[in-house]
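Reviewing the structure listed below.
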Amino acid sequence: MARKADPEHAKGQIRVGPAGWSYADWTGIVYPARRGPDFHEAAFLADYFDTIEINTTFYQPLRPETARRWVELVSKNAKFLFTAKLWQRFTHEREAGDEDERAFRAGLAPLAEAGRLGALLMQFPFSFHNTPENRAKLESLARRFRDFPLVAEVRHATWNRRDFFEWLHAKGVGFCNIDQPVIGRSMKPTERATAPVGYIRLHGRRYDTWFSDDPGSPPEERYNYLYAGAELEPWAERARHVARHAPSTFVITNNHFQGKAVVNALELIHLLTQAKVSVPEPLRHHYPELNKIANEPEREPTLFSEL
């Protein structure tokens, strides 16, 4: 399989990839429908991307042996770096204890020791407003995890203040630039770099389901959005801007429903490099628009369904 081209930019390196890899609805779309016993999703994606954002760390600490296995799986890609989310017990709950911190650190240690951890993302919800209490929480987390390449994602517009960005810069914490449905006081698109790690996350633009509490609407519908090329082009420019101020920049596509994050990540790499890219065969069959940026001709579906 041909390797992809590296994103070109003025200064820092840009890595583009999806958020997560373990989705049932990716089978037969991103991944082959039939898979051998040695198949692993992370190893598969490392043929196409130089980063993946780990989702599972948001819900529970990794087992160290799992992290060590992941390091092995991506070893063929020398440029590959994982990013990981901080456990929600620290970001979404009132207080996490020392034992929680030890467990979380133990899970990330194999990634960090192998030089495969590019960023640790502190992801906060829209309800996390810029208040004295929440600023104190951020201060505490920045101090607690200062030995990691930290990035903060805040979604409420009350954080869009010069003093907040200056604080991030002083603490060496990166700012996560996000694309999300701009509803009410939602944070609008930005292109800021406040630390050596730059970060961008694209969530999609499903205005109808973003804040939906409808029990009949599956949660994955929030991320059922495919960016058009004209919507991605400004984000490619923002990524270049961030990379001029950050040695390492990550662009993560979180619109994961039915592999749309993988489609848009490949399109972003193409926009950044102006070169054709490797495309998984199942994916281009479901999203034929990828043929125009693919570096190899399409094969018949019967050929890749047996992989």
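Take the Cα of residue 183, step 7 Å toward its Cβ, do the same at residue 22, and the gap between the two points is 2.9 nm. Axis angle, to the nearest 10 degrees, between helix 162-171 and the longest C-alpha principal axis of the chain: 80 degrees.
Which links in 79/188; 11/276; 85/137; 11/137 stretch past 25 Å when you go from one Cα to the other?
From the list (79/188; 11/276; 85/137; 11/137), the Cα-Cα distance tops 25 Å for 79/188; 11/137.
Does anything in region 41-59 have its amide N under 20 Å from the 7 Å Cα→Cβ label point of residue 299, and if so which residues? Residues passing the 20 Å test: 41-49.
The Cα center of region 274-297 and the Cα center of region 68-115 differ in position by 32 Å.
Note on residue 158/residue 56: beta-carbon distance plugged into 1/(1 + (r/R0)^6) with R0 of 22 Å gives a FRET efficiency of 0.15. Calculate log10 I(q)/I(0) of region 131-172 for q = 0.21, 0.22, 0.25 Å⁻¹, where I(q) comes from the Debye formula with a single equal point scatterer on each Cα and nothing for solvent. With one equal scatterer per Cα and no solvent, log10 I(q)/I(0) is -0.69, -0.76, -0.99. Taking the Cα centre of region 13-275 as reference, the dipole from Cβ charges on Lys and Arg (+1) and Asp and Glu (-1) amounts to some 560 debye.
Between 148, 67, 234, the Cα set farthest toward the positive side of the dipole of the chain (charges on each charged residue's Cβ, about the Cα centre) is that of 148. Take the Cβ atoms of residue 190 and residue 68, set R0 to 35 Å, and the FRET efficiency comes out at 0.45.
When the convex hull of its Cα atoms is viewed from all sides, region 19-145 shows a mean projected area of 9.0 nm².
May I have the pair-distance distribution P(r) for region 222-289, computed from all Cα-Cα distances with 10 Å bins from 0 and rounded to whole percent? Computed distribution, short to long bins: 19, 52, 25, 4. For the chain, take the longest principal axis of its alpha carbons; what is the angle in degrees between that and the long axis of helix 132-144, to the nearest 10 within 0 to 90? So the helix axis and the longest Cα principal axis differ by about 70 degrees.
Please list, or write none, the aspartates and glutamates whose alpha carbon is within less than 14 Å of the alpha carbon of residue 171, excluding same-chain residues fewer than 8 places away. Cross-link targets: 139, 147, 163. For residue 122, the amide hydrogen comes within under 5 Å of the amide hydrogens of 86, 151, 152, 153, counting only partners 5 or more places away or on other chains and with H modelled in the peptide plane.
Can you give the Rg/Rh ratio of the chain, where Rg is from the C-alpha atoms and Rh is the Kirkwood radius?
Details: Rg = 18.8 Å, Rh = 19.8 Å.
Radius of gyration over Kirkwood radius for the chain works out to 0.95.
Computed over region 13-275, relative contact order equals 21 percent, with contacts defined as Cα pairs under 8 Å that lie 6+ residues apart.
With R₀ set to 25 Å, the beta-carbon distance separating residue 78 from residue 106 gives a calculated FRET efficiency near 0.45.
Quick note: the coordinates plus some simple rules give every number you see, no bench work behind them. All figures in this text were calculated on a predicted structure; none of them were measured in a lab. Cβ: placed from backbone, ideal geometry, glycine included. Neighbour counts: every protein chain shown.
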